[in-house]
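The values are calculated or read from the model by the stated rules, or taken from the named source; none is laboratory data. Everything numeric in this text was worked out from a predicted model, so none of it was measured. Note that we place each Cβ from the backbone using ideal geometry, even for glycine, and neighbour counts take in every protein chain shown. Surface accessibility is based on the protein's heavy atoms, side chains included, excluding ligands, DNA and RNA. Shrake-Rupley method; radii C 1.70, N 1.55, O 1.52, S 1.80 Å.
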Amino acid sequence: MNKKLIIYGIGKLAEYAYYVFMNDSPYEVVGFCVESRFIKETEQTLFNIKVYDSERISQYFSVANHDIFIAVGNNSIRNDIYEKVKTIGYSFANYISSKAQYWQDCKYGNNVFIGEGCVIQPFVSIGNNTLIFASIIGHHCQIAENSTLSGCCIGGSVKIGQNTFIGMNTSVNQNVSIGSNNIIGVGCTITKDTKDNDVYSAPKSKLRIFSSSKILYNFLK
């Protein structure tokens, strides 16, 4: 019998999560949920599956018999939801694609997503509530919780702080430490340590003068 899964979210990432969980995992998606203010009359089902209000989700699905996966791209918002769901008592699902390459010593927390095309070398640890899409992760890397890596290349022995986003075609040199709450945009090359709240963008991987906290809620919606 398949495990029963609720997906938190109704956006494109939730649709992606639904597809891979249904086609490449032991889970059966039995419901979506989101805050009631985001539910519209025309959006009460997704893939013919009902969308429930998250405020009352435990009334619809028992904590003991259902897991949840939070399919929300924004790191800070996903973390807020993660903390709320923890207090309800649900267990979190992980998705590790059968099309990803990784070694059995890979350590990861919960509500972790490792998509197809990822290559993860030995001695890697991945924190709770982290999403990794089509990225290469070098050996001995440490990725802290609530982070998102999308289409990037991370050298060996890199440390990535919590709540950090690293975008497509970005390369991080080996032995570099990336601070917490960083936003590193598409096409950057990072060759030295970054500080907390740093924001980088191409074409010259320029360090911006403003803090990531000022644009966080306008990023990755």
Restricting attention to the range 13-46, the residues that are touching a strand residue (DSSP E or B) at 6+ places or on another chain (Cβ under 8 Å), closer than 30 Å to Lys99 by Cα and surrounded by fewer than 13 Cβ atoms within 10 Å (Cβ to Cβ) number exactly 3
**Request:** Would you mind stating whether Ile10 is over 17 Å from Phe133 (Cα atoms) and surrounded by 13 or more Cβ atoms within 10 Å (Cβ to Cβ)?
**Result:** yes
Selection over the range 47-58 where residues are open to solvent by less than 50 Å² (accessible area, probe 1.4 Å) and over 17 Å from Asn2 (Cα atoms) yields a count of 5
Taking the range 106-162 and keeping residues in contact (Cβ under 8 Å) with a residue 40 or more places away in the chain, in contact with an Asp or Glu (Cβ under 8 Å, 6 or more places away or on another chain) and either on the phi > 0 side of the Ramachandran plot or buried (at least 24 other Cβ atoms within 10 Å of the Cβ) (or both) leaves Asn129
Considering residues that are in a loop (DSSP other than H, G, I, E, B) and open to solvent by 10 Å² or more (accessible area, probe 1.4 Å), the number found within the range 163-178 is 6
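This table checks each residue for (1) at pLDDT 95 or above; (2) out of contact with any Ser or Thr (no Cβ under 6 Å at 6 or more places or on another chain); (3) over 14 Å from Leu5 (Cα atoms); (4) not hydrophobic (A, V, I, L, M, F, W, C).
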residue	(1), (2), (3), (4)
Ile70	yes, yes, no, no
Gly73	yes, yes, yes, yes
Asn79	yes, yes, yes, yes
Tyr90	yes, yes, no, yes
Cys106	yes, yes, yes, no
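Which of the residues that make up the range 84-102 are of a type in the set (Gly, Ala, Ser) and either open to solvent by 50 Å² or more (accessible area, probe 1.4 Å) or within 16 Å of Ser25 (Cα to Cα) (or both)? Let's see the steps before the verdict.
The first filter runs over the range 84-102 and keeps only residues of a type in the set (Gly, Ala, Ser), leaving 89, 91, 93, 97-98, 100.
Selection gives Ser91, Ala93, Ser97, Ser98, Ala100.
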Over the range 100-123, the set of residues of a type outside the set (Gly, Ala, Ser), assigned to a loop (DSSP other than H, G, I, E, B) and more than 25 Å from Ile77 (Cα to Cα) is Trp103, Gln104, Asp105, Cys106, Gln121, Pro122, Phe123
If we keep only residues of the range 190-210 that are open to solvent by less than 80 Å² (accessible area, probe 1.4 Å) and either modelled with pLDDT of 75 or more or among the β-branched types (Val, Ile, Thr) (or both), then the residue nearest to Ile77 (Cα to Cα) is Asn197
